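The structure appears below as structure tokens.
The numbers here are math on the coordinates, done by the rules we state, and not lab data. All values reported here derive from a predicted model rather than from experimental measurement. Cβ: placed from backbone, ideal geometry, glycine included. Neighbour counts: every protein chain shown.
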Amino acid sequence: MDLYGVLGVSKEASREEIKKAYKSKAREHHPDAGGKTEDMSDVNMAYDVLSDDKKRKEYDATGEIGEIDKELAAMRQILFAIFEQVYLQGSGTLEDVSIKLIRNARQNTSQEEKELDKQIQKLKDGLEDIIEEPDPPLLRGFLEQHLAQAMNNREEIKVRVIVINKLEELLKSYKMKKRENKTVKMGGEESLSEIFKRMMNGNPYDL
């Protein structure tokens, strides 16, 4: 992935130029503005690496992005979505928004995984079906190119699954005040771990 291309800046871009480009791309690709989640993830990853001098130097030298950086970028995206909905939009409490986003992220990832597996199998079948092909092997080239991209996307989904699980554990470590609910009056404190548990047990004041 060309991180500079993702942000639309040159390799000589200053930190301020990278920050400005990130804000612009974030507004453009944010899901709430009609953008795609994967594009927003790429923008976050690009900024996470290029805004850090050490990571940027390593990326410039190798052209590779570490798995930890991918995880941090994906985690940052979900955490920002939680922060935005809770503290900027006032869409709900931290616990409610966290549970909804984790649940949706897990469901969407599972669906994407199934669809991608079908695509990968179809591309593999297509390659196996070619017994003989004239020069240049255009069809084989198309199939191999898209298979490589699909396999790469499959690896990114694996990273996302890891991130969702890690983020869920992180959020469970918070302790929040209980709030009054239309169905059940709450008081005192309740950890997100307890909230996740009651949600899974189908509590009457489920989201």
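Brief remarks on what is shown
- Put simply, the amide H of residue 13, placed in the peptide plane, has no neighbours under 5 Å, leaving out anything fewer than 5 places away on its chain.
- Relative exposure of 30, 146, judged by other C-beta atoms within 10 Å (fewest first): 146, 30
- Cα shape, the range 7-125, gyration tensor, a/c 1.5 rule: oblate
- Interchain or long-range residues, amide H under 5 Å from residue 30's placed H: 35
- Whole-Hz couplings from phi, Karplus 6.51/-1.76/1.60, listed for the range 53-60; x for Gly and Pro: 4, 5, 5, 5, 4, 5, 5, 4
- Reducing the range 38-59 and the range 90-112 to their Cα centroids gives an inter-centroid distance of 24 Å.
- Between the amide H of residue 91 and those of 86, distances stay under 5 Å, these residues lying 5 or more places away or on another chain, with hydrogens modeled in the peptide plane.
- Neighbour-count ranking [beta-carbon atoms within 10 angstrom, fewest first] of 151, 45: 151, 45
- Extension gain, residue 33 to residue 106, is 24.1 nm, computed as 0.36 nm per intervening residue step minus the present C-alpha separation.
- Residue-span extension gain [residue 125 to residue 20] - 0.36 nm each, minus C-alpha spacing: 33.3 nm
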